[in-house]
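J.: Sending over a structure as structure tokens; questions will come in a sec.
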Amino acid sequence: MDFQLSEEQRLLQQTVRDFADRECKPLAALWDREARVPDDRVIRQMIEMGLVGMCLPPQYGGGGQDLLTAIVAIEQLARISPLCAAAVFESNVGPVRVIEFFGTPEQKQRYIPRVCRGEMQISVGMTEAEAGSALTDLRTRATKVAGGWRVDGRKVFCTGGGHSEAYMVYCRFDEKAGARGIGALLIEKDTPGLSFGKQEQFMGMRGFPGCDLIFDGCVVPDENLIVAAGGFGSLMQCFDIERCGNATMALGIASGALEVAAAYAMERKTFGKPIAERQAIQMLIADMATRVDAARLLVYRAAVGSQSGFPSIRETSMAKVFANETAKAVTDMAMEVLGGYGYTTDFPIERMLRDSRGWPLAGGTLQIQKILIAATVFGRTFDQRK
Ligand SMILES: Cc1cc2nc3c(=O)[nH]c(=O)nc-3n(C[C@H](O)[C@H](O)[C@H](O)COP(=O)(O)OP(=O)(O)OC[C@H]3O[C@@H](n4cnc5c(N)ncnc54)[C@H](O)[C@@H]3O)c2cc1C
């Protein structure tokens with residue numbers, strides 16, 4: 001078993017790290033305070049560096065890299081702030097992958113090059129007020145009309161809502177209950193009948209737009225059908241790529257918090273000595289470092305396992321649970337290391353702590369991931385409705 005990154009991956013890691021320190025670090029607090037998306041100038045540089053769409057197929061303008069390589073880049077950006085990694089995340093592990101895996105050649109040609117050029121961000125609209133963890137209860141209806149589909153319903157908590165150029169919308173296509181009636185349509189932002197609710201004010205992840213998608217007689221042509229009814233399993237399989245990305249955002253937060261805490265501990269003196277010399281602080285730092293490394297190994301394992309297509313449910317869910325819990329624990333420990341200063345906005349720890357709380361909720365809660373893990377241990381599924 002080889003635990004080393006390739007020479008190219010190490011070079012990319014260092015390049016992205018330097019870029020994040022130079023271009024994102026000075027602005028991360030401002031973007032958080034003003035809840036604004038990263039500057040266009042920064043996004044353009046990421047496109048020029050080949051980070052946007054780096055995993056997408058080269059024939060559609062992508063970089064043709066594997067998932068692990070994108071994960072390495074996302075971690076380095078998320079180390080400063082997950083917001084810095086948003087464009088790289090969406091274009092490599094987001095719903096555009098559904099088009100790559102299940103779209104027709106025409107659909108791929110229509111959308112993937114635009115994503116790679118940074119002209120189109122695609123968000124996912126799955127969750128509804130009565131269908132969060134119980135996603136297969138979703139009720140947004142797609143009704144057949146001449147030449148297309150009429151969509152009616154409402155999605156909640158859509159990250160990128162109102163900002164992204166297109167939405168992968170999970171719909172119920174016929175009267176069949178549960179998963180069997182579910183498929184997905186791609187709906188562009190300016191389609192008549194689509195409007196947006198108020199922007200959510202989250203505790204963290206500020207700068208990630210998020211709102212309801214409201215569909216009222218919204219008609220899209222037949223060619224926007226990406227996954228037909230009955231394809232819910234395929235959608236979830238592909239969503240495990242996004243869950244690996246979610247775990248990487250959490251990993252990035254945790255490794256960033258560790259760096260800040262370690263640097264602070266070497267500078268801050270109490271009773272005439274740097275606190276790094278106190279064993280109590282060393283124990284905290286050692287625990288943080290061990291958890292970060294363990295989370296990284298689980299995330300990398302899940303990503304490497306996707307080489308043959310999709311990452312496994314078990315490895316992805318383990319990576320997500322552990323990385324999500326690590327980010328919460330490590331930012332909390334980092335705040336202890338910084339004492340009162342960690343609680344101020346002069347240091348990034350309070351922002352990292354707030355951000356760490358969002359990722360365990362987005363992409364499926366910890367409890368739901370643990371149910372999936374348990375199913376692989378017991379070798380059977382547990383029907384939550386019976
Ligand atoms: C920051 C953020 C970003 C998001 N981005 C998106 C997005 O881009 N697109 C999108 O579609 N959605 C998005 N979501 C929605 C997210 O996927 C849901 O919030 C999540 O799946 C949980 O659903 P819920 O909030 O309805 O909680 P509920 O399903 O109501 O769950 C409430 C609690 O009950 C637990 N629970 C539920 N069922 C069970 C069970 N059977 N066994 C044990 N425990 C259970 C849950 O784990 C949780 O602790 C986002 C959410 C957040 C917070």
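We did not get these values from a lab; they are worked out from the coordinates using the rules stated. A quick note: this is a predicted structure, and the numbers were derived from the prediction, not measured. A quick note on method: Cβ atoms are made from the backbone with ideal geometry, for glycine too, and the neighbour counts reach across all protein chains shown.
J.: Unpartnered cysteines of the chain (Cβ-Cβ under 4.7 Å counts as a partner)?
T.: C55, C116, C158, C171, C211, C218, C238, C244
J.: Please give the FRET efficiency for Q282 paired with Q59, using the beta carbon to beta carbon distance and R0 = 35 Å, rounded to the nearest 0.05.
T.: In this case the efficiency is close to 0.10.
J.: Cross-link candidates for K386: which lysines have Cα within less than 27 Å, leaving aside residues fewer than 8 places away along the same chain?
T.: K155, K176, K320, K370
J.: Using the number of other C-beta atoms within 10 angstrom as an exposure proxy, rank K269, K328 with the fewest first.
T.: Ordered from fewest to most neighbouring Cβ atoms within 10 Å, K269, K328 come out as K269, K328.
J.: When the helices in the chain are scored as -39500 (n - 2.57) per DSSP H run of 4 or longer and the sum is shared across all residues, what 222 nm value do you end up with, to the nearest 500 deg cm²/dmol?
T.: After summing the helix terms and dividing by residue count, I get -15000 deg cm²/dmol.
J.: Same structure, new question: For the stretch 1-118, go through all pairs of different Cα atoms, get the mean of 1/r, take its inverse, and jot down that Kirkwood value in Å.
T.: 14.7
J.: Let me ask something else about it. Would you give the gap between the C-alpha center of the stretch 54-81 and the C-alpha center of the stretch 114-145, rounded to a whole Å?
T.: Using only Cα atoms to place each centre, the spacing works out to 23 Å.
J.: Also, quick follow-up: Compute the Kirkwood hydrodynamic radius of the stretch 233-378, taking the inverse of the mean of 1/r over all pairs of distinct Cα atoms, and give it in Å to one decimal.
T.: Its Kirkwood hydrodynamic radius stands at 15.9 Å.
J.: Arranged from highest to lowest average of other beta-carbon atoms within 10 Å per residue, in what order do the peptides 29-35, 67-73 appear?
T.: 67-73, 29-35
J.: If r is the Cβ-Cβ distance from R380 to E8 and R0 is 41 Å, what FRET efficiency results, to the nearest 0.05?
T.: In this case the efficiency is close to 0.45.
J.: Counting other Cβ atoms within 10 Å, which chymotrypsin sites (Phe, Trp or Tyr not before Pro) in the stretch 62-104 have at most 15 and lie in a DSSP loop?
T.: When the chymotrypsin sites (Phe, Trp or Tyr not before Pro) of the stretch 62-104 are filtered for loop state and at most 15 Cβ neighbours within 10 Å, nothing remains.
J.: Sort V115, V37, V227 by Cβ crowding within 10 Å, fewest neighbours at the top.
T.: Going from sparsest to densest Cβ surroundings: V37, V227, V115.
J.: Another question, if that's okay. If you average 1/r across every pair of different Cα atoms in the chain and take the reciprocal, what Kirkwood value do you get, in Å?
T.: 21.4
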